[in-house]
Each structure stands twice: as structure tokens, then as C-alpha cells.
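Here is the structure we will look at.
The values are calculated or read from the model by the stated rules, or taken from the named source; none is laboratory data. Just so we're clear, the structure is a prediction, and the values are computed from it rather than from any experiment. Don't worry about glycine lacking a Cβ; one is built from the backbone with ideal geometry, like all the others, and counts go over all protein chains shown. Side chains are part of the model used for accessible areas, which takes the heavy atoms of the whole protein and leaves out ligands, DNA and RNA. Shrake-Rupley method; radii C 1.70, N 1.55, O 1.52, S 1.80 Å.
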There are 2 protein chains.
Amino acid sequence: MQRQARIPTPIVGETTTQSAPPRYVRLGIAVGLGAAIWLVPAPSGVMPEAWHLFAIFVATVAGIMLAPFPMGAVALLGVAASTLTGTLSIGDALSGFSNNVIWLVVMAFFISRGFIKTRLGPRIAYLFMAILGRRTLGLGYSMVASDLVLAPAIPSITARAGAIIFPVVQSMAEAFDSRPSDGTARRMGAYLIKNSFQGNLITSAMFMTAMAANPLTVEMAANLGIEVTWTRWATAAAVPGLVSLLVVPLVLYKLYPPDIKKTPEATRIARNRLAELGRLQRGEWIMLGTIAMLLVLWIFGKWLHVHSTTAALAGLGVLLLTRVLTWEDVLNEKRAWNTFIWLSALVMMASNLSTLGLIAWFSDRVSGLFTGVGWLPALVMLSLIYFYSHYFFASNTAHISAMYAAFLAVAVGVGSPPVLAALVLGYFSNLSSSMTHYGTGPAPVLFGAGYVSLGNWWKLGAIVSVVNVVIWLGLGGLWWKIIGIW
Amino acid sequence: MQRQARIPTPIVGETTTQSAPPRYVRLGIAVGLGAAIWLVPAPSGVMPEAWHLFAIFVATVAGIMLAPFPMGAVALLGVAASTLTGTLSIGDALSGFSNNVIWLVVMAFFISRGFIKTRLGPRIAYLFMAILGRRTLGLGYSMVASDLVLAPAIPSITARAGAIIFPVVQSMAEAFDSRPSDGTARRMGAYLIKNSFQGNLITSAMFMTAMAANPLTVEMAANLGIEVTWTRWATAAAVPGLVSLLVVPLVLYKLYPPDIKKTPEATRIARNRLAELGRLQRGEWIMLGTIAMLLVLWIFGKWLHVHSTTAALAGLGVLLLTRVLTWEDVLNEKRAWNTFIWLSALVMMASNLSTLGLIAWFSDRVSGLFTGVGWLPALVMLSLIYFYSHYFFASNTAHISAMYAAFLAVAVGVGSPPVLAALVLGYFSNLSSSMTHYGTGPAPVLFGAGYVSLGNWWKLGAIVSVVNVVIWLGLGGLWWKIIGIW
């Protein structure tokens, strides 16, 4: 029997390393930072409420980075602080919880449980493997292709990479006697693991619903009056995304080649696994139909007058009515509730900071520094700084919370086409996680499997980051010109 | 060792009996009912959107009563239907999720976990027992007093009665050799169980945060422009509530006497249990402090300018910061997430029905029937019909959803003082569960323990219902006159 797909990491694990200072020291730093800002008088042109909310926001983001408590708890403490200090009314403080983009992602979390429960997820992976798996490079592409198919409806990258792709990769590597500890890692496992990780980041960038914090960028853009729909995000990402998915596995294959190159055995193993799974079960058919319906509604929703969140609600409704998912499954989906809380809290703060005028004030100040520089070099510079600053972040959410709104405001302030700037920074929020072993949820899971050495992880990550930047800014830029985004 | 407090029923159990028709027949009935209303042309004076939402609302409430799926799933399907049919925008459909009264209750759910986790809940019960437990009547009062102390911060009546009080009652009954099956039930257990059940319903009526669906009545009243705050609810309930808590145990003691009347042994047992629990632990001290802070903020919030939901957020914040509760505890609190979904869905529908004018239209029609009847007899009549119709309901939520808004609107329409009508119907939404073994969450748990026969459960329930009605309408009416509610 195939190993049961399991999620290998704790859901709300605290991501600090063992050498981190004690919990309450980290809490003290975050709170102290916020208190210091609070006590400084608001600069002229900034309302006291805006300044106070900024202080709370900085403390919250610092708390997310230092992680004295899990991210959800830190976010909720931030909400509590914002209303307890009288900075926001209780209505404003809770406003994020009915945000429709957040519910789009929360619904997708619930729906994605169906891929694991019905085993449709692993089946898709083995199907691609049976078709493409005659060579190790083909195995790499089959994992990336599976991830791409699953991405639009699985916003948890850790679930996608960790609970669906990772077990398949691991069992395949073991079938070829490639294990982390006995000197056989480079035979095959190391390449597949590294490749699956990089592929996962590219697919995360390709759909608004493919990574939990993508909606945070959408909402921050909306606060600046920039509309990014599900379709616009996916259309603009399609060409650079597909090219990246073709190029990156090849680059890794050349730079980090597996010892075993030909794997005729793999297609047989994959077919055996498919035989074990048997014919498509009722639940899998329904999942397929639901995902097809979702994609149609997400892509053509504008013409059909169906909001993307309405579509996701309908999708979950189908799964509940057919009992592919039970209500108990929904209530057990702790990742969804966790994301719901932190995402709502951050969206609420970002939205109120914007309403209170702080983002505009900041952008006015900083944009002045770019006088005489054209918007295009400025945007490239801003996006590269944004990208490579991810070396300092342990989660996409922290990175986006801390930098996205400010960088976007400045980019627009210097004259960049707004949608272009919003999308580039949005895509880079995902792609920039390629570089480290701690930068995003799946990184510790896949790095932690032990196949790839730390040095190789960083070196290859840096190279892939350049490849992605070139593809997305170069070819992507061309594509975005063609479809009229700038 | 004391038995570990456990919640004895599934959290989202489907409450239908075994003889119910199959799931999809029940679903068909609910959907068919909604479809029939949808297809009937809207009466003159009613907007089509209002009529369509009414159809979806009726289907949802029918779904909650017939329970083809758990309540949360039915409610979410109702939300999906409301926006998929274009009856409501996605923004309106999701609006309930940021309602501050709902978050008050959700926060209280999280906080209440602390009573069970720290064992403060059972400690309180044994403490009262050590003081009052020399006689069986005193044991009855000690259970009721414990429930009263816990009620303001535990909105799950099933958790309160089932997970805290019930294990204490059961272990006490067993200590006196009173068991359900061997003819010894009436010795002591039967009285204590029945008494705890009735006491639980009275405490549920006494605080807005003492029963999960109470906020639904508050929001339905708010839709009619009637403001019911936490303090107003509690103040008005205090006198009739305390009198009920004194009288009902005595009535049951006379009508349904336990064989064992004197129980000097019980205080010794309680003291032993307290000794086993040891000194107050750090977590219990923090829980006590948090609850004290909450009560102060809830009672004096108006003067301190702290919203009741802000207070609850702060309370949860304290428990998280001190790690009395972990974030994992919060995410695991499935009852809270379940309540969040169904409560938000129902509040959203009720609020939109009101905004769209349906409640006013209905009230205008029906109020006409009361022409020539004074508001006082009309209100008494309406509240009695409301009360005794609970024989037909298997949950407080279903009862409130189906009848509260309409009955309140009619009561106000015939001239009743609005706050008076809102409170009476709100209190009766709790007290009316006294009569059957299926009318509210704790009923099947406590009846299911097997101490009380079905005949006695119903007979005593009917008698207690009359006692409560007399106390709350009679003495309550007097109290409400004194404090100026009418």
C-alpha cells in the first residue's frame, strides 16, 4: 500500500531556531518597538490614530517575525491592542473578518482537503509520473506539473508541497534506493526534492488562490485603488510562470544532476500505484467536477456575474452536499482557521493604515527620493530590493506585511503603471522564497528531509532566483506589454 | 483521582432520531419548501429580493430543524444559496462574519476552554459542594450555584452542563451508590441530574454570553432598532433569575424527592477532591483574574468606554500571553468555529431580511389581528405561544431563527415597550427548553445518562416551565417596571 499522505509538520509550529532568545524577550522586543514608535510624536501630516495604528502594526509584524507566539496568536493580539487602545473602533477592528478575498482563500482551504481525503492529489502525481517518468528529468517535470494542476485550489503551499508532493517524491526516491543519510541522496532524491521546492514557489506565484498570503497583496493593492482579480492575476502569470516551470527543472538538472538519469522503472511503479488506487472513486469524480466548475467560474466569472468567492462557496457546497467532505472535516481544517485569523488581522490593519492616510504620506516622502529616475528603472530597483530582502524573512506573510504596501505605494508614486507594479511585487512575494531553507512553509519540510546540503540549498536557490527574476521581468514584461497591463 | 472532565457528546452531532427519514429526503423537504416560496410571486409590498431571501431563510431554518447535515453546514449552504442566486451581493452575504456580538461569543468560547483545561470549573463545583453539600438539597443548590458562576463566560451550554457539571454530579451520585440501571437512580442521581438541567437553562437566560444563540436575539432586536447591551440583559435577568434558581431546586426536591436526604459524607468527598486538586495553580489564578476583569469590563464597559467584545478580546489576549491557553487550544476549539459559522449565517440573513423590509411588512400584517387587544395581554399571549412552541424544536437556535424576529416585530407592532418585548422573548428562548429531552444541547446528554425516566422528565419539565413563566413574567415584570424597562 502507498504510504498514507500526511502533513509532516505541526500546523502552527513556532518557527524560531533553538538559539533564539527566550519567548518573553522576543515579545518584549516586538512590544518595545511598537511602544517606542507610539511614544514618538506623529510626524506632521500624520493623524495620531494613523501613527498609533502604525506602531501597533510594526509591533505585530515584528511579533510575526520574532514569533514569541504562533502567527495567529500574534495577529489576534494585534487586533486586541488596536481596539483596546482606542485606536480603532471594534467595528473597524473586526472588519477584516468579512473580507471576501479572505473567504475565497478560506473556502479554497476547505476544498483542498478533498484532494488529500479522496487521494485525488497523489493520483494526479502518479498519473503525471506514469506519463513523464521514463527519465529523472521527466520525474521532475511530473512533480512540477502535478503541483501546477493542484495549485489553483490549494492555497496552503505547505499542504501542497508537504502533504501531497513530498510523500510521492520520497517514496519514489526510496524505490530507487536514494536516501538522505547513507550517501545515496544525490542519486535521485536530492534533485527531486530541490526541484519540487522550486516548482512549488513558481506555481504559488501563478494563482491568487495558490498561496495563503497572496490575497494580502491583493487587498493592499485594492487599498491603493488597484483592482487585481483572480483572472487578471492568472492571465498575467501564465506565460512567465509556464516558462519558469519549464526552465527551472532543466537548470537544476544541469547544475545539480541526479546520478540516475534513466528511470524506466518509475513509470511501472507509478502504474502500480495507480492500480492500487483503483478506478476513480465517486469522491474523486466529484472533486474533479468541482475543480472544473471552480476554474470555469473563476475564469469566466466576470461574464457570468459570479464573484470568485461565491464560486468557492458553491464549490464547498457541492462537496458538503455530496458528503465528499463532512462538516467535521471543515471544522478540523485548523490551517484554514489559522489563516483566517492572521490574514483577516493583517488585511484589517493594512486597510485601516491606508484609510488613515499613512501609506500615502509615506509614499509621498519616499517617492521624492526618486526624482529624476524614470519609473521603469525605479520599479526594477524597488522590485529587486523587495525580492532579495526575503533573505531576512522567515515567511511570505511577514515579508508582505512589512514591505508590500509601502513598496507598491512608492512604485506607483514614481509613476509605475499601478497594476504592473502590484503584480510584479505580488509574484515576487512568492518567487523570492527560493533562496533559503527557512523563507516559507515548505522550505523547512523539504530541506528537513535531509537530501540536500545547506550549501547546495542556498547556492542553487540563489541561481534559481536570478533565473526567475530574468524570466519574470524580461519575458513577463514583454507579455504584460502585449496584454496591455502597461 | 477525579475523572477527567470530558465532553460526552459529539460536537456537531446530527440530532435526528433513528426513525427519521433518510438524509436526502429531509434535504429535499427543506429545499422544496424554499423553492415553493421562491416560486410564489412576492406579495404586494414585498421586494422580490426580500421574498427570495425569505425563501432561502425558510429553507435554511427547515434544514436546521430537519438536520440533513449538521447545523453549520446547512447554514453555510444557505449563505452560498443567497449569493449564488444573486439575491445578496457577496459583501452582504459575508457581512455576518465581522459582527461584533458574534465575536463576543466566539471569544467567550475560547476563554471558556480555560475552565476545563485548568480544572477551575470542577474546582468551583467542589468548592460549592464542600460548603452547601450537607444535604441533598444543598448539593442541588451547589450545582446550580457553580453553573451560575461559570455561565457569564461559557456560552456553550453543552460544555457547561455536559463537560463541567455533569461529571461532578455523576461522580457524586456514584459515591452514594445511586446508578441509573440498578434501581438506585432515585436515591440521589435522578434529582441532581434533573436539577442541574433546569438550573442550566435558568443561568443560560441570565447572561447574553451564557448561551451561544442569545446574540442572535440581540442582533434581531438590533435590526428593529432595539438596543440590548450585555449589562441591560444581565441586570433585567438578575432578580427573576436568582429567584428561579432558589425556587426550582426546591420545587423539584418536593415533587421528585431523592431517597437520601442528608449527605454529611458529601462535604468530606468534596474536600477530598479539592485536596486532590491541590492549591490553586498558576493557570487557575490567571483564569480567575481574567474572569474578574471580564465581568468588570462587561458591567462597567459603558463608563470605561470599552466595548464588550474588546473586553473579550483582551481576556483571550491575557490567556494567550500567559500561555494558560495556547494557540493550538484556540484552533482546536471546534465548537467555537462551528458556532461562528452558523451564528454569522443566521445573523446575516435576519439582518438582511430586516433591511429589505420583510420583517416590518410581516409585523404590519399580523399586528392588525390584535386590534382592540391591549399590548400587555397581547405580549403575554405572544410570549406564551413562543414559549410553548418549543415542544416542536430540537434546538434553541432553530426556535430563535424561526420565530424570534417575527414575534418581536408583532409585539412591538401592537405597542409593547420594545426592550421589554426583546428581553422577555430572549429569556424565554432559554427557559422554554425545560420541557423535553431533545429541546437543547444538554438535554440529550443529561437525559441520556439514564437517571430520569422519560415520563418524569416531561412531567417535571412541564411543571418547571409554569414555575419559570410565573416567576419571570410576574416577579420579573415587577422588577422590570422598577428599573424602568417599561
- Task: Would you point out which residue out of B:80, B:59, B:50, B:55 is facing chain A (nearest Cβ under 10 Å) and open to solvent by less than 30 Å² (accessible area, probe 1.4 Å)?
- Result: B:80
- Residues in region B:328-347: is at least one more than 14 Å from every other protein chain (Cβ to nearest Cβ) and either closer than 30 Å to residue B:421 by Cα or among the charged types (D, E, K, R) (or both)? yes
- In region B:92-111, what residues are open to solvent by 10 Å² or more (accessible area, probe 1.4 Å), more than 7 Å from chain A (Cβ to nearest Cβ) and within 20 Å of the chain's Cα centre (by Cα)? B:99, B:101
- Task: For region A:274-283, indicate whether the set of residues that are closer than 30 Å to residue B:71 by Cβ and either touching a helix residue (DSSP H, G or I) at 6+ places or on another chain (Cβ under 6 Å) or of a type in the set (Lys, Arg) (or both) is non-empty.
- Result: yes
- Query: Among the numbered criteria (1) within 14 Å of another protein chain (Cβ to nearest Cβ); (2) over 21 Å from the mean Cα position of the chain (by Cα); (3) buried (at least 24 other Cβ atoms within 10 Å of the Cβ); (4) more than 17 Å from residue B:344 (Cβ to Cβ), which single criterion is violated by residue A:89?
  - Reply: (3)
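For every residue, the table says whether it meets (1) touching a residue at least 24 places away in the same chain (Cβ under 8 Å); (2) open to solvent by 10 Å² or more (accessible area, probe 1.4 Å); (3) over 29 Å from residue B:475 (Cα atoms).
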position: B:201; (1), (2), (3): yes, no, no
position: B:219; (1), (2), (3): yes, yes, no
position: B:228; (1), (2), (3): yes, yes, no
position: B:232; (1), (2), (3): yes, yes, no
position: B:235; (1), (2), (3): yes, yes, no
position: B:242; (1), (2), (3): no, yes, no
position: B:248; (1), (2), (3): yes, no, no
position: B:259; (1), (2), (3): yes, yes, yes
position: B:290; (1), (2), (3): yes, no, yes
- How many residues are within 13 Å of chain B (Cβ to nearest Cβ) and either open to solvent by less than 10 Å² (accessible area, probe 1.4 Å) or of a type in the set (Phe, Trp, Tyr) (or both) when one looks only at region A:348-367? 1
- Query: Within region A:153-254, which helices (runs of 4 or more DSSP H) (wholly inside it) include 1 or more residues that are of a type in the set (Phe, Trp, Tyr) and on the phi < 0 side of the Ramachandran plot?
  - Reply: A:166-175, A:189-206
- Item | Matching residues, region A:369-390, being open to solvent by 80 Å² or more (accessible area, probe 1.4 Å) and over 27 Å from the mean Cα position of the chain (by Cα) | A:369, A:371, A:372
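Let's see how each residue does on (1) at pLDDT below 95; (2) assigned to a helix (DSSP H, G or I); (3) out of contact with any His (no Cβ under 8 Å at 6 or more places or on another chain):
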| site | (1), (2), (3) |
| --- | --- |
| B:32 | no, yes, yes |
| B:43 | yes, no, yes |
| B:56 | no, yes, yes |
| B:73 | no, yes, yes |
| B:94 | no, yes, yes |
| B:104 | yes, yes, yes |
| B:108 | yes, yes, yes |
| B:122 | yes, yes, yes |
- Query: Got a number for residues in region A:67-77 being facing chain B (nearest Cβ under 7 Å) and among the small types (Gly, Ala, Ser)?
  - Reply: 2
- Which helices (runs of 4 or more DSSP H) does region B:278-371 wholly contain that include 1 or more residues that are within 27 Å of residue B:237 (Cα to Cα)? B:282-304, B:308-321, B:334-355, B:358-367
